[in-house]
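Note sheet for the following structure.
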Amino acid sequence: MVDEGTRKTLSGIPLLQTKAGPRDKELWIQRLKEEYQSLIKYVQNNKEADNDWFRLESNKEGTRWFGKCWYIHDLLKYEFEVEFDIPVTYPHTAPEIALPELDGKTAKMYRGGKICLSDHFKPLWGRNVPKFGLSHAMALGLGPWLAVEVPDLISKGIITYKEKEPEKAT
């Protein structure tokens, strides 16, 4: 079912307590605090394990999330914009994570660049409401998707490495 590496990753991500979504006003604020604490801990763990692979931030209400994620392949960093909205039925419904620039480049994606998580992740999410949060969606959803899809897209020549422009000193 779940490999040892996944178990280790999950054991380092704090579980959430508050069963609330964006419509729940005061409880949503409490849930957001838990989400941020969980994400901060997950990012810290990743940095300590030399496995830093995403940055996220949200709008003021915590209903729209955006940032960057990256995947290292053959020592080259492939970086993508990531975005998602919190569903009104959250946490019962997992967010649909999108990588818009990859829209239409793989069969494991829906319109708008939303990655396919229905077979493996969404049933797991459903069994773990309200304990799972955004850090779990990243660790068990986006992370494994990137690990499978990005190397495949690279090998097919669908995505290619783009050198970043050096930052200019001011």
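Yes/no matrix, rows are residues, columns are (1) charged (D, E, K, R); (2) out of contact with any Asp or Glu (no Cβ under 9 Å at 6 or more places or on another chain):
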site: Lys25; (1), (2): yes, yes
site: Leu32; (1), (2): no, no
site: Glu35; (1), (2): yes, yes
site: Gln44; (1), (2): no, yes
site: Lys60; (1), (2): yes, yes
site: Tyr71; (1), (2): no, no
site: Glu79; (1), (2): yes, yes
site: Asp103; (1), (2): yes, yes
Open item on the list: Can you pull out every residue in the stretch 141-163 that is farther than 17 Å from Glu79 by Cβ and open to solvent by 30 Å² or more (accessible area, probe 1.4 Å)?
Closed with: Pro144, Val148, Asp152, Ser155, Lys156, Gly157
- [ ] Would you point out which residue out of Arg127, Arg64 is loosely packed, with under 15 Cβ neighbours inside 10 Å, within 24 Å of Gln17 (Cβ to Cβ) and over 17 Å from the mean Cα position of the chain (by Cα)?
- [x] Arg127
Task: Pick from the stretch 1-44, criterion among the polar types (S, T, N, Q) and at pLDDT below 95, ranking: least open to solvent (accessible area, probe 1.4 Å) - done: Thr6
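The values are calculated or read from the model by the stated rules, or taken from the named source; none is laboratory data. Treat the numbers as computed from the prediction; the structure is a model and nothing was measured. Here Cβ is always computed from backbone atoms with ideal geometry, including for glycine, and neighbour counts include all displayed protein chains. These area figures cover heavy atoms from the full protein model, side chains too; ligands, DNA and RNA do not enter into them. Shrake-Rupley method; radii C 1.70, N 1.55, O 1.52, S 1.80 Å.
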